[in-house]
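The values are calculated or read from the model by the stated rules, or taken from the named source; none is laboratory data. Everything numeric here is computed off the predicted structure, so don't read it as measured data. Positions of Cβ are backbone-derived with ideal geometry, glycine not excepted, and every protein chain shown enters the neighbour counts.
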């Protein structure tokens, strides 16, 4: 699975074609209605409007109209988690990247699986628990801001949208839970590459299906993905790619884990008294803020049958796989399928 999901050279060519357009004025009536409807105009004005608009993207805060750049080069600021990786998979290099997972400037703020696709020198915005540096973003003069996989704060969206057309998550999505398919589609639409985005989704799903078909032993096996962090533990649920990819490969959630109520949308805190919810047929466990040794030597974790019988996959936070597991972009999914699948197969084999 070393082959790129989509040929980058073909995507760059497609992006260049999609981003080359003439200037014109946006239809005032469409703006007045708040619909940004560029299809309702007629005659010469309609042609000018169509040429002037790169895309109209519907998301949770309504439609966002993205003008075609005058010189054909779309200036993209990628703020959402993994937004930049999806843009790169589509052949578009952002001018700035929010470094959610601390990959650093040497990786241009994206995972190693995507860093080789960067040929320029984008600004890397360090992850911060504080406010976004709006002045910095404004100084970059973006044509479009991607904030698709984010916290979905309306005030944040409004401030960003005042700087440049901003695309948020899909309607009805919970914070940081756009779903990898909708995430990919929204980023692609914002770049004027809707068809390429659909192809990227289809190709990624085909890779997942291929692995699932190659491992029928995964079907119906009860599993969990969990973590050790802080003073407690946690379980991943639907919407967290760290569980979704396991489910997509044919596993089903362990009953006691499924019976718990997620308290953060796609994540549930697990107390020391509840750690037995990890004791599935197969468990994928990873530390947050701890080392692999800390995880393996945890007395509660090591007491579980799933660990004692070598049916647990313990992930090293120093490995790219852990970061890819969290990133949930098409490019990182490719790496997860390649590196996690053999470990899952070995864990399932130990069930016998």
What do you reckon, is residue 219 touching a helix residue (DSSP H, G or I) at 6+ places or on another chain (Cβ under 6 Å), free of Cβ contacts under 8 Å to residues at least 60 places away in the same chain and surrounded by fewer than 19 Cβ atoms within 10 Å (Cβ to Cβ)?
-> no
If we take the range 66-180, then helices (runs of 4 or more DSSP H) inside it with 1 or more residues that are touching a helix residue (DSSP H, G or I) at 6+ places or on another chain (Cβ under 7 Å), surrounded by fewer than 22 Cβ atoms within 10 Å (Cβ to Cβ) and assigned by TED's automatic domain parsing to the domain that holds residue 195 are 112-115, 134-139, 154-163
In the range 225-259, residue nearest to the chain's Cα centre (by Cα) [restricted to those that are surrounded by fewer than 16 Cβ atoms within 10 Å (Cβ to Cβ) and modelled with pLDDT under 95] = 238
Of the residues that make up the range 70-77, is at least one within 28 Å of residue 237 (Cβ to Cβ) and under 18 Å from the mean Cα position of the chain (by Cα)?
-> no
Restricting attention to the range 260-272, does a residue exist that is assigned to a helix (DSSP H, G or I) and either under 27 Å from the mean Cα position of the chain (by Cα) or surrounded by fewer than 17 Cβ atoms within 10 Å (Cβ to Cβ) (or both)?
-> yes
May I ask you to say which residue of 187, 211, 201 is part of a helix (DSSP H, G or I) and under 30 Å from residue 350 (Cα atoms)?
-> 211
Restricting to the range 181-195, what's the tally of residues that are surrounded by fewer than 21 Cβ atoms within 10 Å (Cβ to Cβ) and touching a helix residue (DSSP H, G or I) at 6+ places or on another chain (Cβ under 6 Å)?
-> 2
